[in-house]
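Below is one structure, written out as structure tokens; comments come after it.
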Amino acid sequence: MKYQLPRGTKDILPGEVKIWQKIEDVCRKIFEKYGFAEIRTPVFEQTELFARSIGTTTDIVTKEMYTFLDKKGRSLTLRPEETAPVVRAGLQNNLISPDSIAKLYYLGPMFRYERPQAGRQRQFNQAGLEFFGSLDPKVDVEVITVAVELFNALGLEGLEVDLNSVGCKQCQPKYIEALKQTLNKQAKELCEDCKERLKMNPLRVLDCKNKGCQKFITKVPSATETLCPECKVHFEQVCKYLKARGITYNSKVRLVRGLDYYTRTVFEVVSKKLGAQNAVCGGGRYDNLVKDLGGPGIPAIGFAVGMERIVELIKDQVAGQDLKPALEYFIVCMNAEAREVAFGLLTKFRAEGKTAEMDFQNKSFKAQMKAADKSGAKFAVIIGEEELRQKAVTVKDMKSGDQTKAAL
Ligand code: HAM
């Protein structure tokens, strides 16, 4: 084949699309039950929007963005994530303001130039939501509850919630300093990327998957040790309300996220069944982002779910099930005149809301019966010479083989 799909992308074929549609339906239903409204933004934005929000020294911004100049020389980027675009759209359309709550959700493709591997693509899809306008720890728990309910509704088992707090503008710098001091002692033994991260953005070292670096990461101080009193209380309350709602979580004291905008609560939902890329959902609070992007000070929290990773988990559950759309009638014709009648009958079936197909390749009667069988149709509707004479059809139940005559 001359043309192949680009590296790191996937075609989603008709059978699998059924799984996607199911997941998308469940996402919409649950997000809307919790009062979130759908928003759709363009797949590209000004590059500066992502650099400012995600952070100029993060892997996403330094290595992974699909950035291009348009014909007028403006720098644009295919969205690597949707939080910043939602903030941009929320501000531009006056959907978010300091004295009201705004709840928005989205579904769609994101783009990151990463090294493709199982669970990691260059075009992938997220379903996510953002809750604007409250610092209340109950809101953190509301948002985490939506994620948990979503996975329960999809019937996914064995998922775990990892939770941490990365503090605020006041206490986060203290944590970064403590981190620097500890890691500087091992600087020579860190991977080349982490040596750079240690200088530019020490928090990002904690994300490193390199085994050599992991050895040191388990020994660094935890973010919760340096939290200021307000952040400490906030985190304790989040834990308290999670327990009250019966949501179990792992306290992951070194959990930080790959994006710089987070403050206080950060969380991930992980699956043991997924290998290295095990996070099916990631999110957290970002109380400074709206202001950093030019808006008023509005606290916010949200998450995004990686759709491909959920599909992977669901595929295991539906293995062996027939995912083809159910077909009711396949019309089988003996001759050219019957085909004319069949074409009219197709219209009639569809007008009544029924699914129906016929052969458009002039196949023999035998081949048409085979096609009817292969299509999974419940009934074959046979039109032969006798049927034409009687203005009738023979309806064959494909499962039992029973045949009955019916008026055309
Ligand atoms: P993120 O952790 O970068 O967060 O992505 C969220 C989820 O998207 C991940 O947990 C993973 O399931 C999926 N994902 C990320 N990169 C890839 C990839 N290359 N291939 C396949 N799946 C991937 C965010 O994007 C934040 N905007 C989430 C958020 C919303 N925080 C607050 N609000």
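Under the definition of Cα pairs under 8 Å and six or more residues apart, what whole-number percent is the relative contact order of the stretch 329-407? Before the final figure, lay out the partial values.
Details: 115 pairs, mean separation 26.2, N = 79.
RCO, the stretch 329-407: 33 percent.
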### Nitroxide proxy distance, nm - points 7 Å out along Cα→Cβ at Gln170 and Thr57
2.4 nm
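Expected output is a single nm value to one decimal: the length gained when fully extending between Thr404 and Ser375, i.e. 0.36 nm times separation in residues minus the C-alpha distance. What is it?
Taking Thr404 through Ser375 to full extension adds about 8.4 nm, to one decimal.
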### Task
For the chain, set up a Gaussian network in which alpha carbons nearer than 10 Å are linked by springs, and say which option among Val87, Val305, Val318 fluctuates the most.
Val318
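Have a look at the DSSP beta bridges in the stretch 329-407 and tell me what percent are antiparallel, nearest 5. Present the calculation step by step, with values, prior to reporting the outcome.
Numbers: 9 of 17 bridges.
Of the beta bridges lying entirely in the stretch 329-407, close to 55 percent run antiparallel.
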### Query
Given a 1.4 Å probe and every protein chain left where it sits, what share in percent of the accessible area of the stretch 224-284 is carbon and sulfur?
52 percent
### Query
Taking only Cα atoms, what is the 0 to 90° angle, nearest 10, from helix 336-351's long axis to the longest principal axis of the chain?
40 degrees
### Query
How big is the antiparallel share of DSSP beta bridges in the chain, given as a percent to the nearest 5?
80 percent
### Message
If you average 1/r across every pair of different Cα atoms in the stretch 329-407 and take the reciprocal, what Kirkwood value do you get, in Å?
### Response
12.3 Å
### Message
Check which residues have an amide H placed less than 5 Å from Ala392's amide H, if you skip close sequence neighbours.
### Response
Leu408
### Message
Considering only C-alpha atoms, what is the centroid distance from the stretch 368-386 to the stretch 184-217, in Å?
### Response
65 Å
### Summary
Highest GNM mean-square fluctuation among Gln21, Gln321, Gln186, for the chain with Cα springs under 10 Å, belongs to Gln321
### Query
Distance in nm between label sites at Ala367 and Asp25, each 7 Å beyond Cα in the beta-carbon direction?
3.6 nm
## Note on the structure
Zone reached by a paramagnetic label modelled 7 Å from Asn335 Cα along Cα→Cβ, restricted to the stretch 344-380 with backbone N below 14 Å, covers 365
## Note on the structure
Summing +1 per Lys or Arg and -1 per Asp or Glu among the other residues with Cβ less than 14 Å from Leu49's Cβ gives -2
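For Glu114, what charge total do you get from the other residues with a beta carbon under 10 Å from its beta carbon, if Lys and Arg give +1 and Asp and Glu give -1? The partial results should precede the final answer.
On the way: positive: Lys63, Arg112, Arg115, Arg120, Arg122; negative: Asp59, Glu64.
Summing Lys and Arg as +1 and Asp and Glu as -1 gives +3.
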### Summary
With R₀ set to 22 angstrom, the calculated FRET efficiency between the beta-carbons of Lys240 and Glu32, to the nearest 0.05, is 0.20
### Message
Around Gln237, under 12 Å between beta carbons, what's the net of Lys plus Arg minus Asp minus Glu among the other residues?
### Response
+1
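How big is the shadow of the Cα convex hull of the stretch 17-80, averaged over all directions, in nm²? Please report the intermediate quantities before stating the final value.
Numbers: hull surface 25.8 nm².
Here the figure is 6.5 nm², rounded to one decimal.
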## Note on the structure
Measuring from the longest principal axis of the C-alpha atoms of the chain, the long axis of helix 229-244 (C-alpha) lies at a number of degrees, nearest 10, equal to 30 degrees
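Quick one: with all protein chains in place, what share of the accessible area of the stretch 329-407 is carbon or sulfur, to the nearest percent (1.4 Å probe)?
Solvent-exposed carbon and sulfur of the stretch 329-407 make up 53 percent of the total.
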### Message
Taking the alpha-carbon distance from Lys71 and a cut-off under 17 Å, which aspartates and glutamates remain once sequence neighbours fewer than 8 residues away in the same chain are dropped?
### Response
Glu45
## Note on the structure
For the Glu328, Lys209 Cβ pair and Förster radius 60 Å, calculated FRET efficiency rounded to 0.05 is 0.75
### Message
Normalised radius of gyration for the chain, please: alpha carbon Rg relative to 2.2 N^0.38 Å, two decimal places.
### Response
1.28
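Pop the C-beta distance of Asn250 and Asp99 into the FRET formula with R0 = 35 Å and round what comes out to the nearest 0.05.
Details: r = 36 Å, r/R0 = 1.03.
Once rounded, the FRET efficiency stands at 0.45.
How much accessible area per residue does the stretch 329-407 have, counting only protein heavy atoms and a probe of 1.4 Å, in square angstrom? List each step's numbers first, then the result.
Working: 4950 Å² over 79 residues.
On a per-residue basis, 63 Å².
Taking 0.36 nm per residue of separation and subtracting the Cα-Cα distance, what length does fully extending Phe68 through Asp11 add? Don't jump to the answer; show the numbers that get you there.
Details: separation 57, 0.36 × 57 = 20.52 nm, distance 2.39 nm.
18.1 nm is the gain from fully extending Phe68 to Asp11.
The values are calculated or read from the model by the stated rules, or taken from the named source; none is laboratory data. These numbers were taken from a predicted model, which means no experiment stands behind them. As a convention, Cβ positions derive from the backbone with ideal geometry for all residues, glycine included, and neighbour counts pool all protein chains shown. Side chains are part of the model used for accessible areas, which takes the heavy atoms of the whole protein and leaves out ligands, DNA and RNA. Shrake-Rupley method; radii C 1.70, N 1.55, O 1.52, S 1.80 Å.
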